[in-house]
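Read the structure below first, then the notes.
The values are calculated or read from the model by the stated rules, or taken from the named source; none is laboratory data. It should be emphasised that the depicted structure is a prediction, and the values quoted were computed from it without experimental measurement. Because the Cβ atoms are built from the backbone with ideal geometry, glycine has one as well, and the counts that use them run over all protein chains shown. Accessible surface areas use protein heavy atoms only, side chains included; no ligands, DNA or RNA. Shrake-Rupley method; radii C 1.70, N 1.55, O 1.52, S 1.80 Å.
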Amino acid sequence: RVQSLGSGFIIISNESEAFIVTNYHVIADAKKISIFLNDKTELDATSHAHDERTDIAILKVKTDSLPKEKRKLPTLEWGDSKKVRVGEWVLAIGNPFGLGSTVTNGIISNISRDLMTPNRNSYVDSFIQHSAQINMGNSGGCLLDMSGKIIGINSAIFSPSGGNVGIGFAIPSDIAKKTVEQLMQHGRTKRGWLGVRIQNLTEDMAESLGLKVHGAIVGSVTPD
């Protein structure tokens, strides 16, 4: 029997149910999912929808068993990750090592880091790198700006030792928000597909084609 710990944040809540965003790898293949709120209240959750390519999942919990005044849970608002700049302060809130409601802070180190992970996050090539301390159990937790708005979902760390070395990565909110909206509306994601294979335009290739530009070149076109 294997147990997994992770984090999440509430995006929608009413008198009877709430929806929570987390990482897909936190709940993948789970037989039972339990949610612990900030006040230690435990609720059973079900997987509402997920997208493996962005490593995002939405959980659903029933809140009608709670006292009436507590049924509508507090939610977070999305921020704009495109406005984030290197050097800005950020907060991470999560459940590292099972220590729920842990808050850490740091600064943005990079706004477009490609982790080159073919098995996970294959649709995310612009992670936010930051120095807020996150560890195992922080996955799926929110990365907030100083206004308390979500600018990222903490998803991975760089760690040769298995512990925190001050380098964490978050899925930008502009990607996460679009994914979550599609999962809520359709139960899955809907993405456009161009049908071509592209590759980098090297200097040798450009010279052979009589070009003086840099960028990408269409290597092949999918039939039909």
Check your understanding: In region 121-142, which residues are more than 19 Å from V86 (Cα to Cα) and open to solvent by 50 Å² or more (accessible area, probe 1.4 Å)?
Key -> S122, Y123, M136
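Got a sec? Which of K60, K68 is open to solvent by 10 Å² or more (accessible area, probe 1.4 Å), more than 19 Å from G152 (Cβ to Cβ), among the basic types (K, R) and out of contact with any strand residue (DSSP E or B) (no Cβ under 9 Å at 6 or more places or on another chain)?
K68
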Revision key, fill the gap. Residue pairs qualifying under the 7 Å Cβ cut-off, at least six apart or on distinct chains, with the first in region 23-34 being touching a residue at least 60 places away in the same chain (Cβ under 8 Å) and in a strand (DSSP E or B) and the second being hydroxyl-bearing (S, T, Y) and open to solvent by less than 50 Å² (accessible area, probe 1.4 Å), are N23/S139; N23/S155
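Regarding T54, is this residue within 20 Å of the chain's Cα centre (by Cα), hydroxyl-bearing (S, T, Y) and in a strand (DSSP E or B)?
On the way: within 20 Å of the chain's Cα centre (by Cα): yes; hydroxyl-bearing (S, T, Y): yes; in a strand (DSSP E or B): no.
Spelling it out, it is not the case that T54 is within 20 Å of the chain's Cα centre (by Cα), hydroxyl-bearing (S, T, Y) and in a strand (DSSP E or B).
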Review point. Tell me, which residue of region 143-174 that is touching a residue at least 40 places away in the same chain (Cβ under 8 Å) and farther than 16 Å from I111 by Cα is surrounded by the fewest Cβ atoms within 10 Å (Cβ to Cβ)?
Key: S147
Point to revise | Yes/no for D114 being open to solvent by 30 Å² or more (accessible area, probe 1.4 Å) and under 16 Å from F9 (Cα atoms) | key: no
Review point. If A206 satisfies every condition in (1) open to solvent by 40 Å² or more (accessible area, probe 1.4 Å); (2) among the small types (G, A, S); (3) outside any loop (DSSP other than H, G, I, E, B); (4) out of contact with any strand residue (DSSP E or B) (no Cβ under 8 Å at 6 or more places or on another chain) but one, which is the exception?
Key: (1)
Point to revise | Selection count where residues are touching a Lys or Arg at 6+ places or on another chain (Cβ under 8 Å), open to solvent by 100 Å² or more (accessible area, probe 1.4 Å) and hydrophobic (A, V, I, L, M, F, W, C), scope region 73-100 | key: 0
